[in-house]
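To start, the structure itself, in structure tokens.
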Amino acid sequence: MLRPCFNDVTAAWPAYLQYSAAANGAVQNGLSFTVNDALLELHGQRRLKMEFNPVVEKLFGHREKIEALARFKLRELIRVGFIEFATDTSVEHTTAALSALADFCLGTLRAWHADGEPFAIISLGKLGGGELNFSSDIDIMFIYAHRAGADEFAEQEHYHRLGEKLARDLSTNTVSGQLYRVDLRLRPEGDKGAVARSVNSYEAYYAAYGEMWERLALLKARCSAGDAETYYEFDQMRLAFCYARNLLPEAVAEIPRLKERTEREIVGADGLHTHVKLGIGGIRDIEFFVNANQLLLGARNATLQSGQTLRVVEAMASLNLITVGEATVLRDGYLFWRRLEHRLQMLEHRQTHLLPPVNSELLDQIARSLDFTDGAALWQTQLAWREKIRAIYDSFFDPLRKAKPADRDYRLDFCRDPEQARRNWRSLGGAEGFNTGKRTEHAFNRLAPLLHGRLRQLARPDLALAKFTAFVGVYGSRSLLFESLAASPKALEVLLTIFDCSQYLAEALMVSPEVFEETARADLDALHDAAGYREDYAPMAGAGRELPALRLFKRQQMVRLLIRRILCLAEQKDLQLEFTNLADFCLQVVLEQLGADGELAVIGLGKHGGQELWFGSDLDVLILGAADGHARELAKAMKERTPQGSLFDLDTRLRPYGEGALAHGVERYVEYYRDHAQLWEIQALGKARHAAGNRALGDEFFAKLLPVWRARCQSPDLKADRLAMRQRILEGRCKSGHPALEFKTGAGGTVDVEFAVQYWQMKRGVFEPNTFKALTLLAAEQPAAALALTEGYTYLRRLESTLRVDDNQGHSHLPADADARACLGKLMGCATLPAFDAQVAEVRRRVRAAFDEFFHTVD
């Protein structure tokens, strides 16, 4: 419907030519219009294509096509301008038409250059929100989807050149002017960044480095042209980044600071009440108010996840986030500013937001076009809108401005070296010469109380804080790490506990920090057997890199097992079974890699055979077969130290005579154990188990060796020999010089348990390699002794495993240093050193008593 001041379209057209610089110039340059009611039709994409395609089909040169598209765009711009000027059409219809026109131009260019490719043009700002002005530049980014198997470097170069071509076409000067002024500076890294990026590249950048202003920009991101599937992948990443569930109110306090800096440095005092967009109570005040609420509440309210300002205002009102009166002010104020902005830009045909002086003829002209009596009336109205809008803006942001920054002066006097701990703490938060952004600062403020509280609970808080600080330094993105840990306190607990109890794994995570994140995402509940390990390993394996991948996989699984231990997801004996399964799997993969899995079989002995391995264990093995060369290659590959770590050391000293060939045939073993082995070797054979390689060869070994083992166990000297052997160990292996510290070989140590239960197995002919299972069998005959030995063995193995986890080395005695022993005690749940020493002594006393009673009664 025409505005009342015009009788018909032909009467409105001359007035429009006088008012619109673009229309006047275009007509003077020969762009003709049929002035009738058809001029009042707003065109969507489909109609635009119908009108333009017949024109461009007759053209062949690229320059001709650009000229035609620019001429067509100008014609449509004048049509939309005339409708805006001459009718009562809504602002929303005008901005939607202008945005559709821009989308059409972008889509046309993309079709000329990249039809059918996984490439899309993302619009931001006013175009992204479908709210384009008459003289807006367009904020855009270029994205593409990486194609499986494609060369990433060549792909990046291709799409970089494609983006440059599109930007060049959009900015080309033609007889009808440029299509659009293009702003690519909102892309990652601005002018220094790649013109086009893959979806994965965008995701990595925003996760690690995205700041608040980039969240604000992406709120309005939309696909203007291109591949829908590619954009869908991008949009899923965008939604997660913009609408983060763990965003704190203090994070959006940065928004009013951005606005204040803009008013001070760009607008200036003279423009605060004349700048339609950036001045007090202008368009940007409304947008920032809306955006802040989107960022804080959008994750829980999907209706706020829109790039259109007025749609979000409506959603906020329906959610009772604002009053009906506030919604009316924001909606009507926004429409007022946008219509005024259109008039300014139509009049001068350039991007401007400054009102003319209050008493100027130019302001009077603008006012009359908006149905005000004169410029003074318009001036007073815009001042009133500024006051109302700024009041709403201030009511939201003032509490955030006045909020005190988080208290970062955390006391660290519970650390052994508080001053060094304070230096590490300050470096995390950005002091001590570290340059961190606002996102990092906000993230650390949220993490700090969780971090401080957890450190207080650790046995070695100094060490854990130092390792955590080093880990942050190599991780890559402090803000991402801090946000992730603040959102997942359990992950923080696990990470700090690793640093507290395992220097070995802490150092491994410094080399490969991604291992923690990958492992934390894995299935932590399942107990892995060889098949489970093979399934997890399959994606890492590849031709020519099996051993490096296997070493890295082993390290990942060690982290996984430690996390399972920290979270109490399994008992120690089940973790030892899993660790043994991991060793068996590594042996099997290396045998397969050597092509020897059909020639050799590996028999585990000791803790390996008993499925009781843990950190710091080597593998006691016998190797069956005739391929001694392959056996030596196996030992070398398992032991080799590389940047990816190592697998397991093989201890082959339990083979016949402890020297010579590593691999022997089954008959050689039968002969040795039947005719030459000492009783301690027969005892060791009782822990034998097929671990890897040729299963038939292993079955033959046990079929022929078990009768030999049982026959040798009937020696009349068995008890005396075993007690004498135990006494020699007791007297000869006190490495610390302090018997009270010898929890393994000392009186009441783990060796007492093993000698007792293995003696019973030999005496009764019970072949069971696993100590816990053997103790269960013993309980049927000796329930009291079995209970005491089981409880003691469980405690002592947990104590040993705690020491082994720290440095991945074997341990047989407690630390002599009192402070180190006190820390160990805390890891074992004892608050003080005397309590820990007393606990260990009591466990060992009970084990020794059971051992003595056992050998006295069992014959």
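The values are calculated or read from the model by the stated rules, or taken from the named source; none is laboratory data. The model shown is predicted, which means the values in this text are computed figures rather than measured ones. Note that each Cβ is placed from the backbone with ideal geometry, even for glycine, and that neighbours are counted across all protein chains shown. For accessibility, only protein heavy atoms count, side chains too; no ligands or nucleic acids. Shrake-Rupley method; radii C 1.70, N 1.55, O 1.52, S 1.80 Å.
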*Cα centroids of the stretch 512-574 and the stretch 226-287: how far apart, whole angstrom?*
43 Å
*Can you find, among A97, V56, C830, the residue farthest towards the positive end of the dipole of the chain? Put +1 on the C-beta of Lys and Arg, -1 on that of Asp and Glu.*
C830
*At what distance in angstrom do the alpha carbon centres of the stretch 363-397 and the stretch 292-359 lie from each other?*
14 Å
*Starting from the Cα of K719, draw a straight line to each of the lysines and keep only those under 27 Å, dropping any in the same chain fewer than 8 residues away.*
K607, K687, K704, K735, K744, K763, K773
*asked:* Applying a 10 Å radius around every beta-carbon, put 460-472, 658-670 in order of their mean neighbour count, most first.
replied: 460-472, 658-670
_Extreme residue, positive dipole direction of the chain, given options N808, V9, A784 (C-beta unit charges)_ = A784
*Listed peptides 385-391, 131-137 by packing density, highest first (mean Cβ within 10 Å)*: 131-137, 385-391
_Options Y672, G686, L624, ranked by Cα towards positive dipole end of the stretch 621-692, top entry (Cβ charges)_ = G686
*If you place +1 on the Cβ of every Lys and Arg and -1 on the Cβ of every Asp and Glu, how big does the dipole about the Cα centre of the stretch 201-312 come out, in debye to the nearest 20?*
320 debye
_In sequence order, calculated HN-Hα J values of the stretch 651-667 (Karplus, 6.51, -1.76, 1.60; Hz; x Gly/Pro)_ = 9, 9, 6, 8, 6, x, 6, x, 7, x, 4, 7, 10, 9, x, 4, 4
*About the Cα centre of the chain, how large is the charge dipole given +1 on each Lys and Arg Cβ and -1 on each Asp and Glu Cβ? Please answer in debye to the nearest 20.*
1000 debye
*Over the residues of the stretch 236-311, compute the C-alpha Rg and express it relative to 2.2 N^0.38 Å.*
1.24
*Quick one: dipole size for the stretch 29-102, taken about the Cα centre, charges +1 on Lys/Arg Cβ and -1 on Asp/Glu Cβ, in debye to the nearest 20.*
400 debye
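Looking at the chain, what % of its DSSP beta bridges pair antiparallel, to the nearest 5?
In the chain, approximately 70 percent of DSSP beta bridges are antiparallel ones.
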*Using the alpha-carbon atoms, what tilt in degrees (0 to 90, nearest 10) does helix 478-487 show relative to the longest principal axis of the chain?*
70 degrees
_Folded to 0 to 90 degrees: helix 783-807 orientation relative to the chain principal axis, Cα_ = 50 degrees
*Take the alpha-carbon centre of the stretch 688-761, take the same for the stretch 630-652, and report the distance between them in whole Å.*
26 Å
*asked:* If each DSSP helix of 4+ residues adds -39,500 (n - 2.57) and the sum is divided by the residues in the chain, what number results at 222 nm, nearest 500 deg cm²/dmol?
replied: -19500 deg cm²/dmol
*Measuring with a 1.4 Å probe in the full set of protein chains, what accessible area per residue, in whole Å², belongs to the chain?*
42 Å²
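Sorted by mean Cβ packing within 10 Å, highest first, what order do the peptides 636-642, 700-706 take?
Packing proxy ranking, top to bottom: 700-706, 636-642.
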*Got a number for carbon plus sulfur as a percent of the chain's accessible area, 1.4 Å probe?*
51 percent
*asked:* If I stretch the segment between F60 and T172 completely, what's the gain in nm (0.36 nm per residue apart, minus their alpha carbon distance), one decimal?
replied: 38.6 nm
*Excluding residues on the same chain fewer than 8 positions from K259, give the aspartates and glutamates whose Cα lies under 18 Å from its Cα.*
E211, E214, E250, D270, D285, E287, E387, D394, D398
